[in-house]
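Reviewing the structure listed below.
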Amino acid sequence: MPDPECHIRFDNNPYGVYLAGQTLAGQVELRLTEILSVIGISLRLDGLTEVEWSEVIEAATGQPGNRKTTRYHGQQTLLNSTSFLCGSSVGPVRDLAIGTHTYHFSCDLPAHLPTSFEGYHGRIRYTAKVSVHRTKARIDPIGQVSFTVLRHLNLNEHGEVLLLPAKSELTKVFCCGPCSSEPLYISATIARCGYIPGQTIVMKIDAVNRSRTTVTEFRVKLIQKLSYTSQHPTVESRSDALVVAESRCSGVTSGEVVKHQQNLLIPALPPTYTDGSPLFSINYELEVEARVTGPNISPRLAMPITIGTIALETSIPKEKLKPLTKPSWDPFTGTQHYTDIIGTRIPVGNIARRSQAGLEEQLPNGSNNVRLHYVVHRNSSELPP
């Protein structure tokens, strides 16, 4: 006996996209070309988190072909709801006449369901499956359709920490011992730590290069960090890092100071997910990579951010703002500390020629003709009476 033709449709929702906590409603349409004898027809809604990956381990002997492949996997049930459109799992046999039979269904989705996700080694999937119960022992699936769940992550519910600016900095010395160079200093700053897709991250990059190594370019990356934990055959973990957005700007040559402002548009992404499953999590971080010449490792600095679905609404009061970190490394020697540098490139060799009165001064030819405005801070003992 052939299976009936089955169509599952969602009410006023042709793409089957729902928010966690909403009511999923629709109809199942069966088209029969001959009489169908059943004890019931069921609709099952499933939600699963699944992780799976394989690792190849070389045997201790080191001989070729002596490898062992281990498959790690795990599964967590998020949603498991079964309802009968007609009959039951133990009822008497009934005959469905030839023609079209339509059944309506409705189910309230739990509010805690995470957002649907598809990755290389992990996924969060939701499906609706219709099955025909011919007898107590024989159950035949006849139709299945996937639907998407979106879970809101309101950034305003995570306190003021996401409203605070963030800063990351590093000082890199190339080579070592008597061959070591003067340091390369890099800092990156963002205005806040919480964003939603469609917003633009504005990052400010400051760099002072007193080394002999040239930074050819800066790469600003938004990285999606996926973490997986298996259940079988043993509990193991692995992580993947995917670059989901990137922008680039010019670097800094030896003996220069640069300032950049990079804008990074956030694409459509699932929100940060860290509290719903022991098997799978999603985090995000911003990374600045300084690409350098020669056989050197390109220095990187990173700062975590949170991706949500509801944007931050307010700004942090100024009286609550505190210094981001300890005072930045002073790239200039001596007791003077220069701030508020306006310009793009400043040859370090000309730094000492700034006016001591805090006025603008035109640098000599060969210095990129950058005009500067700066403030000089001295120790209190050096201040004039």
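The values are calculated or read from the model by the stated rules, or taken from the named source; none is laboratory data. Given the structure is predicted, the values throughout are model-derived calculations rather than measurements. Note: ideal-geometry Cβ built from the backbone for every residue, glycine included; neighbour counts use all protein chains shown. Surface areas here come from the heavy atoms of the whole protein model, side chains and all, with no ligands, DNA or RNA. Shrake-Rupley method; radii C 1.70, N 1.55, O 1.52, S 1.80 Å.
Note the full-extension length gain between His7 and Lys259 as 0.36 nm times their separation in residues minus their Cα-Cα distance, in nm to one decimal.
84.8 nm
Note that the stretch 212-222 has calculated 3J(HN,Hα) couplings of 9, 9, 8, 8, 6, 6, 9, 10, 9, 10, 9 Hz, one per residue in order, obtained from phi through the Karplus relation 6.51 cos²θ - 1.76 cosθ + 1.60 (θ = phi - 60°); glycine and proline are x. A cut-off under 13 angstrom between Cβ atoms defines the neighbours of Lys225, and their net charge, with Lys, Arg +1 and Asp, Glu -1, is -1.
For a modelled paramagnetic label at Glu285, 7 Å from Cα along Cα-to-Cβ, the residues of the stretch 141-170 in reach, with backbone nitrogen under 15 Å, are 167-170. With the cut-off at under 14 Å, measuring from each backbone N in the stretch 284-303 to a point 7 Å along the Cα-to-Cβ line of Leu170 picks out 286-293, 296-303.
Residue-wise HN-Hα couplings along the stretch 26-32, as the Karplus relation 6.51 cos²θ - 1.76 cosθ + 1.60 with θ = phi - 60° gives them from phi, are x, 8, 10, 10, 10, 10, 10 Hz; Gly and Pro carry x.
Amide H contacts under 5 Å for Thr214: Thr293, restricted to partners 5 or more places along the chain or on a different chain, H placed in the peptide plane at 1.01 Å from N. By the Stokes-Einstein formula, at 1.306 mPa s and 10 °C, the stretch 82-153 with its Kirkwood radius over alpha-carbon pairs has D equal to 104 µm²/s.
The mean accessible area for residues of the stretch 125-273, using a 1.4 Å probe and ignoring ligands and nucleic acids, is 46 Å² per residue. Accessible area of Asp108 (1.4 Å probe, protein heavy atoms only, ligands and nucleic acids ignored): about 110 Å². Electrostatic bookkeeping for His101 treats Lys and Arg as +1 and Asp and Glu as -1; over the other residues with beta carbon under 9 Å from its beta carbon, the sum is 0. Look at where the Cα atoms of the stretch 1-52 and of the stretch 285-316 average out, and the two centres are 43 Å apart. Find out how many positive minus negative residues lie around Ala188, taking Lys and Arg as positive, Asp and Glu as negative, among other residues whose Cβ is under 13 Å from that of Ala188. With Lys, Arg at +1 and Asp, Glu at -1, the neighbours total +1.
Computed as a quarter of the hull surface, the mean projected area of the alpha carbon convex hull for the stretch 155-314 stands at 11.7 nm². Residue by residue, the stretch 276-291 carries 3J(HN,Hα) couplings of x, 8, x, 9, 8, 8, 10, 10, 9, 8, 9, 10, 10, 10, 9, 7 Hz when phi is fed to the Karplus relation 6.51 cos²θ - 1.76 cosθ + 1.60 (θ = phi - 60°); x denotes Gly or Pro. Using 0.36 nm per residue and subtracting the Cα-Cα separation, the extra length available between Trp53 and Leu242 on full extension is 66.4 nm. Summarising the amide proton neighbourhood of Gly40: residues at separation of 5 or more, or on other chains, whose placed amide H is nearer than 5 Å comprise Ser88, His133.
With a threshold of 31 Å on the Cα-Cα distance, the over-threshold entries among Lys225/Lys259; Lys172/Lys221; Lys68/Lys221 are Lys68/Lys221.
One chain, two ends: Asn154 and His73. Fully extended at 0.36 nm per residue, the span grows by 26.0 nm beyond their Cα-Cα distance.
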